[in-house]
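Colleague: Structure below; questions to follow.
The values are calculated or read from the model by the stated rules, or taken from the named source; none is laboratory data. Nothing here was measured: the structure is a model prediction, and the numbers come from that model. Cβ placement follows ideal geometry from the backbone for every residue including glycine, while neighbour counts extend to all protein chains displayed.
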Amino acid sequence: MSEPVDRARASLTAAPADLLLDRLGPLLARGYGITDAELFQVDYRLAALLPLRGGEEITTPGHPAWRCFDHQSPVYADRTGYLPVSMRGERRGVLRVTPVADQGVLVELAEIGTALAHELTAVDPGTDVYRTARRSRRLTLAAEVQWEQLPGRSRIRPSFSLAGQLEPAYAVRGDSFDWSDDGDRVWTATINGMGEGVAASMLTTLATCALRNARRAGISLADQASLADQAIYALHRGEQHLATLLIEVDLHSGLLTAVDAGSPRLVLLRGGEVSVQQLEEQFPLGMFEGTHYREQHIQLERGDRLFMISDGVIDATGPSTRYGETALDRMLRRTAPMSPLDAVRSLLGDLRAFVASDLTDDAVVVCLDWLGPQP
């Protein structure tokens, strides 16, 4: 690692939360002759790159900044460098630096982009500066609650790659997702919420926290569902409930365990073929008192891709018809060569184009690739 990179890392670590880019600027100037640096964060819809310091957003497909974001590699154009700002698979945006006299320094500069991503993640809980700057419009209160609950939008590890997205991003109400991994297993929860506005988001928040509490107690997937079910029923006595799909994948064997409480559908993409997995549909969480849930198992193969999809995708209505299973099947096949984040982004982009506006119903898509056991 070069001395300028080491100094940049140290400066970012010591910088006040709101001054990361300001402290980085002088170091880039001394080390590389760069006189202008701007951070473009991807917005909540994954549709625009928004500058931190104000100015024009970047929405044009094929723009060097979008090529950098999409391919996750540095891009050099017109003496300007575009660097991925990403960590552990979570894509936060792009760092634009200019002038860059020598394309050969992009590798070093990319390390600084990664260091910036780590610091942004570290400081984000304690400042609104970066969250405010990545909004192209105001979030509804319900959407604010939902985005605060998310663990992130994407993650990459040697044995799996994972991504999820909510729509309508700036006004989502009850749909959500959650995930966690411990190196041996990865868990996902895809929630198809009930109700409208803040009431829907609060119900989903209760379910998410109850499932996390149960998962962290180290109990089985079926018992996690049962405890969350009890928590929701105890508060709402069956008047409110929500459909949930719980997944656990053993990262050494590829054995998938599922509990279908309602539920968003589980779709498998294997060898270019799409198949809806027929799970035993059990009662939604909170519908009845003392529901007992049963687990089912599916053996995954290396390279399998799973989609967890809420009703809002299938039931989305365009000018004259609903999106439906045929359009979904076609779109899922097209995502085969894409990363999980690009796959969910493309699917929901296709859905927005189909309805020709923002979605009127919530939709959530989670995509999980099992890459096979790693040594």
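Colleague: Scan (1) touching a strand residue (DSSP E or B) at 6+ places or on another chain (Cβ under 6 Å); (2) assigned by TED's automatic domain parsing to the domain that holds S73 for the single condition V129 breaks and write down its number.
Modeller: Condition not satisfied by V129: (1).
Colleague: Follow-up question, since we're still on this one. Evaluate the stretch 281-298: report whether one residue or more is charged (D, E, K, R), at pLDDT 95 or above and either assigned to a helix (DSSP H, G or I) or within 16 Å of T244 (Cα to Cα) (or both).
Modeller: Yes - at least one qualifying residue is present in the stretch 281-298.
Colleague: Filter the stretch 285-322 down to the residues that are buried (at least 21 other Cβ atoms within 10 Å of the Cβ) and not aliphatic (A, V, I, L, M) and list them by number.
Modeller: Result: G286, Y293, R305, F307, S310, G312.
Colleague: Is there a residue in the stretch 181-195 that is in a helix (DSSP H, G or I), within 17 Å of the chain's Cα centre (by Cα) and at negative phi?
Modeller: Checked against the condition, which is being in a helix (DSSP H, G or I), within 17 Å of the chain's Cα centre (by Cα) and at negative phi, the stretch 181-195 yields no hits at all.
Colleague: Of these, D223, D229, which one is charged (D, E, K, R), in a helix (DSSP H, G or I), surrounded by fewer than 18 Cβ atoms within 10 Å (Cβ to Cβ) and at pLDDT 95 or above? Can you show your working first?
Modeller: Details: D229 fails: surrounded by fewer than 18 Cβ atoms within 10 Å (Cβ to Cβ).
Answer to the check: D223.
Colleague: Right, E90: under 27 Å from A189 (Cβ atoms) and touching a Gly at 6+ places or on another chain (Cβ under 7 Å) or not?
Modeller: yes
Colleague: Could you list all residues from the stretch 336-362 that are out of contact with any Lys or Arg (no Cβ under 8 Å at 6 or more places or on another chain) and closer than 17 Å to L266 by Cα? Explain how you work it out, then say what you get.
Modeller: Let us first name the residues in the stretch 336-362 that are out of contact with any Lys or Arg (no Cβ under 8 Å at 6 or more places or on another chain), namely 337-339, 342, 344-345, 347-357, 360-361.
If the condition is that a residue be out of contact with any Lys or Arg (no Cβ under 8 Å at 6 or more places or on another chain) and closer than 17 Å to L266 by Cα, then V344, L347, L348 are the ones that fit.
Colleague: So which residues in the stretch 7-64 are touching a Lys or Arg at 6+ places or on another chain (Cβ under 6 Å) and under 30 Å from V344 (Cα atoms), if there are any at all?
Modeller: Result: E38, Q41, D43, L46, L50.
Colleague: Could you tell me whether any residue of the stretch 199-212 is in a loop (DSSP other than H, G, I, E, B) and surrounded by fewer than 23 Cβ atoms within 10 Å (Cβ to Cβ)?
Modeller: There is no residue in the stretch 199-212 that is in a loop (DSSP other than H, G, I, E, B) and surrounded by fewer than 23 Cβ atoms within 10 Å (Cβ to Cβ).
Colleague: Looking at S73 and the list (1) part of a loop (DSSP other than H, G, I, E, B); (2) among the small types (G, A, S); (3) within 19 Å of R135 (Cα to Cα), which single condition is not satisfied?
Modeller: Unmet for S73, out of (1) part of a loop (DSSP other than H, G, I, E, B); (2) among the small types (G, A, S); (3) within 19 Å of R135 (Cα to Cα): (3).
Colleague: Any residue that is surrounded by 22 or more Cβ atoms within 10 Å (Cβ to Cβ), in contact (Cβ under 8 Å) with a residue 60 or more places away in the chain and either over 20 Å from R173 (Cα atoms) or in contact with a helix residue (DSSP H, G or I) (Cβ under 8 Å, 6 or more places away or on another chain) (or both) - is there at least one of those in the stretch 269-279?
Modeller: Narrowing the stretch 269-279 to residues surrounded by 22 or more Cβ atoms within 10 Å (Cβ to Cβ): none.
Checked against the condition, which is being surrounded by 22 or more Cβ atoms within 10 Å (Cβ to Cβ), in contact (Cβ under 8 Å) with a residue 60 or more places away in the chain and either over 20 Å from R173 (Cα atoms) or in contact with a helix residue (DSSP H, G or I) (Cβ under 8 Å, 6 or more places away or on another chain) (or both), the stretch 269-279 yields no hits at all.
Colleague: Only residues that are of a type in the set (A, V, I, L, M), farther than 24 Å from D342 by Cβ and outside any helix (DSSP H, G or I): list them for the stretch 93-149, please.
Modeller: Within the stretch 93-149, V97, V100, A101 qualify.
Colleague: Here is a follow-up. Please pick out the residue among L83, L150, L116, L120 that is of a type in the set (A, V, I, L, M), touching a Phe, Trp or Tyr at 6+ places or on another chain (Cβ under 8 Å) and buried (at least 17 other Cβ atoms within 10 Å of the Cβ).
Modeller: L120
Colleague: Name the residues in the stretch 303-331 that are touching a residue at least 40 places away in the same chain (Cβ under 8 Å), in a helix (DSSP H, G or I) and β-branched (V, I, T), would you?
Modeller: Passing the criteria: V313, I314.
Colleague: Tell me the residue from S339, S320 that is hydroxyl-bearing (S, T, Y) and more than 21 Å from A47 (Cα to Cα), please.
Modeller: S320
Colleague: While we're looking at this one, here's another question. Quick check on my filter: what residues within the stretch 172-187 are touching a Phe, Trp or Tyr at 6+ places or on another chain (Cβ under 7 Å) and within 17 Å of L348 (Cβ to Cβ)?
Modeller: none
Colleague: A further question on this structure: Condition check: under 17 Å from the mean Cα position of the chain (by Cα), touching a residue at least 40 places away in the same chain (Cβ under 8 Å), in a loop (DSSP other than H, G, I, E, B) and not assigned by TED's automatic domain parsing to the domain that holds E56. Does G164 satisfy that? Quick ask: steps written out before the conclusion?
Modeller: Details: under 17 Å from the mean Cα position of the chain (by Cα): yes; touching a residue at least 40 places away in the same chain (Cβ under 8 Å): yes; in a loop (DSSP other than H, G, I, E, B): no; not assigned by TED's automatic domain parsing to the domain that holds E56: yes.
No.
Colleague: Output the residue which, of all residues in the stretch 286-323 that are more than 23 Å from the chain's Cα centre (by Cα) and aliphatic (A, V, I, L, M), is nearest to S220 (Cα to Cα).
Modeller: Selected residue: I298.
Colleague: While we're on this one: Exactly one condition in (1) in contact (Cβ under 8 Å) with a residue 60 or more places away in the chain; (2) surrounded by fewer than 20 Cβ atoms within 10 Å (Cβ to Cβ); (3) outside any loop (DSSP other than H, G, I, E, B); (4) among the hydrophobic types (A, V, I, L, M, F, W, C) is false for A47; which is it?
Modeller: Exception for A47: condition (3).
Colleague: Taking the stretch 181-205, which residues are farther than 19 Å from P151 by Cβ and of a type outside the set (A, V, I, L, M)?
Modeller: Correct list: G195, E196, G197.
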